[in-house]
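Only one structure is covered here, and it is reproduced in the block below.
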Amino acid sequence: MKRIAVFTSGGDAQGMNAALRAVVRTGLARGLEVYAIYEGYAGMLQGGEQFKPMTWDDVGGILHLGGTVIGSARSKEFRERAGRLRAARNLLLHEIDGLVVIGGDGSLTGADLLRREWQELVQELVDTGQVSKKMAARQTALAVVGIIGSIDNDMFGSDITTGADTALHRIIEATDAISSTAASHQRTFVVEVMGRNCGYLALMSAMASGADWVLIPESPPDVDDWEAKMCEVLMKGREVGRRDIMVIIAEGARDRNGKPITTEHVKKILEDRLHEDTRITVLGHVQRGGAPSAFDRNLSTMLGAEAIEAITSMDPNGEPLIVGMQGNKLTRTRLDVALAKTKAVADAVAAKNYEEALALRGQSFAESFNIVRTLVRALPHEPTPGQRRLRLAVMHGGGPAPGMNTAVRAAVRIAIDRGHTVLGVRNAFRGLINNEIEELEWMSVNGWATRGGSELGTNRTIPKGRDLYAIARHLEEHKVDGLLLVGGWSGYESVLELYNQRRNYPAFDIPMICLPATINNNLPGTELSVGADTALNSIVSAVDKIKQSAVASQRTFIVEVMGYYCGYLALMSALATGAERVYLHEEGVHMRDLVEDVEAFKRGFRRGKRLGLIIRNEKANEIYTTNFMRTLFEEEGGDLFDVRQAILGHMQQGGTPSPFDRIFATRLAVRCVDFLEQAIGRKESTGVCIGQVQGDIVYTSLDDVPRLMDYDHSRPLKQWWMDLRSIARVLAAPGAAGQDEETRG
Ligand code: ADP
């Protein structure tokens, strides 16, 4: 493998640029020649100028841009064999040995076809004298690797596709804005989101926005007169005091008989039957626009690097592959298999086999659908007679994290819907000590899905000594059967304290579960915590602005981010912003590193670099503080560059939760209620923390926590994301492969 070409095709998706950058830079670092084909298959057919060799610098400064800088197009001609013949000729003329295609299922189908016809096409080109035998002999095979770029998240082979997370960001920005105006006027909004065959965006945005009704292609309403059912639910919502009503419809929504459900139809129903003042918002291309989210930048970066690994290690005559991400792990799937499974869902929907369609989408999609069905209810189900009705306490502990309210809302509604009583503890363990406990009703948590901060209140108090008596008394007084903590490390430590004191205090002998919610992402038993994604996005958008502020100057920024002793936010934000250097406590900071880094920056600025970016974890090193680094770089940089520091501070803990955090918080909270119900049913005095590991929800016993944690630094001993350091290093390394750096301007 000597020379590869990369192109973007079909509908554009945010994150395509990050994937392009990673393909080009990882490829160059591997010693490959990398071409970009501009304008997708249309460019491949045109050849000539549309094939351009890429340098390190050509893909600098594009991480934060939406769309694709090498253009995308739809090509009718490529669908015809004659078109693919021309494409093959251009690939031969440019001596391309392998293709990395970034696009949706259409584009990937096209690539699969081209690869299958390759030998025939080459033979025909030789037979008709369009290419020489010698040229054809050099390229008997064409290696193909695909990266799914699709905001719809409608393809198999990856849990989530490039662009889907950002599209959810755009939808949530819109629905949050609509909710507030709808509430002011007591209006009803019908919002249409993209997704012809796939209800992913509609379903997830309904979960994240707290919408009141959702219609998706895979699971049409299960009764013929669904309009009556919808009206009944929405009317009840009004009766119990909901000021805003929102119905979310996927573009491809249909009824049981396969008849499309349009926004106009829903509006008419709501106006005629409920006399609601109803407005329609079709979000359209807004969903494809804007800066990619932190997640999409990092996902696409990892997929781009993995595509190079795949293409350099595969048999060029072998099956085309797509690279994907399944539960934080990079995966490779045969392209034809992924395409066939994707088509099966569309076929099932077309054949009105809705159960099959929903099942094919997978367990987590179906689970989300059921959660949304409960959460949208205006009022809980009537309890079944004879059912055991539990008293569950829910509380926070630790610093504030966006998504805490979302988790509480889901837990409260799910528990009440199952007939239980939920007690909200105000002000974390301080409140539990002071008996600040009150019952939460269905409507007490209305609107909490989207709200940042912490409505119940949180702090870092850890109960000690006499506090435990008070807590035991209050738990007994309120007859608490089970406890849910939504919080960070000091919350976990407090629950652990109660758990360990069970012998001395019978009141603590109840099932307890901890739900990870902290921006630091430093908790045991989980790869991710609620709040970290929001914080990461806040950091990334701040750094984007900081970089823009320095367009014309020769300047280096040192940005200090939170995370306590955990470097997750620092590393992930460095990856998402293209920082050249990141300092983590886990790796330590040494004088020789600093000296080397100063030298590297000086070399860079001497060669014409205009902007430098360093990200530093707040606790990276006690002695070499951010201020120390600033003065060191300033002094050593001399006339070559100046240095500014930015300490981002508490903005990182605030803000409305990101779609990912809302969805994650909701899914975890529902599982926590399930867990408590079951443990109480079995009369188990158990304590666990819930989390997500490699895509699966897992429960870790509190007995195991001490073994998993580095107590001195409040972080897990093993942190999965540390493996990503090598990618960050390759992609941003100043002067890697003799090239120039990311932040050239
Ligand atoms: P997406 O890749 O986003 O699904 P499209 O379905 O429009 O977008 O596909 C993009 C391009 O890929 C098409 O314009 C066409 O050139 C090519 N393509 C799509 N489907 C096929 C097919 N079945 N055979 C050959 N080429 C195809």
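The values are calculated or read from the model by the stated rules, or taken from the named source; none is laboratory data. What you see is a predicted model, and the numbers here were worked out from it, not measured in a lab. Every residue, glycine as well, gets a Cβ built from its backbone with ideal geometry; the counts of neighbours run over all protein chains shown. Please note that ligands, DNA and RNA were not included when accessible areas were found on the heavy atoms of the full protein model with its side chains. Shrake-Rupley method; radii C 1.70, N 1.55, O 1.52, S 1.80 Å.
Laid out as a table, the results:
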item	result
Cα-projected label distance for residue 364 with residue 590, points at 7 Å along beta-carbon direction, nm	3.9
Under 25 Å from residue 268, Cα to Cα: lysines that are on another chain or at least 8 residues apart	229, 236, 259
Rough spin-label spacing in nm, given labels placed 7 Å along Cα→Cβ, for residue 505 and residue 722	3.5
For segment 164-287: relative contact order, % (alpha-carbon pairs under 8 angstrom, 6 or more apart)	38
Inter-probe distance in nm under a simple model that places probes 7 Å from Cα toward Cβ, at residue 439 and residue 196	5.2
Estimated FRET transfer efficiency (residue 138, residue 229; beta-carbon r; R0 56 Å; 0.05)	0.30
Sequence-distant lysines (8 or more away, or on other chains) whose Cα lies within less than 18 Å of residue 52	2
Efficiency of FRET from Cβ geometry, residue 603 and residue 548, R₀ 22 Å, rounded to 0.05	0.35
Per residue value of the accessible surface for segment 116-172 (all protein chains in place, 1.4 Å probe), Å²	35
Segment 164-287 shape via C-alpha gyration tensor axes, a/c threshold 1.5	oblate
Rounded Å value of the spacing that divides the Cα centres of segment 425-478 and segment 581-603	44
With DNA, RNA and ligands ignored, accessible area of residue 438 (1.4 Å probe; Å², nearest 10)	80
Accessible surface of the chain [probe 1.4 Å, protein heavy atoms]: carbon and sulfur percent	48
Selection of trypsin sites (Lys or Arg not before Pro), segment 143-210, meeting DSSP coil and at most 14 other Cβ within 10 Å	196
Cross-link table 76/133; 545/619; 76/341, entries beyond 27 Å C-alpha to C-alpha	76/133
With DNA, RNA and ligands ignored, accessible area of residue 381 (1.4 Å probe; Å², nearest 10)	90
Lysines with Cα under 17 Å of residue 547, excluding same-chain neighbours fewer than 8 positions away	609
At most 14 other Cβ within 10 Å, DSSP loop - trypsin sites (Lys or Arg not before Pro), segment 577-678	607
Estimated 222 nm signal from helices in the chain, with DSSP H stretches of n ≥ 4 weighted -39500 (n - 2.57), rounded to 500	-13500 deg cm²/dmol
GluC sites (Glu not before Pro) within segment 520-626, DSSP loop, no more than 14 other Cβ atoms inside 10 Å	622
Length-normalised contact order for segment 450-591 - Cα pairs under 8 Å, 6+ apart - percent	16
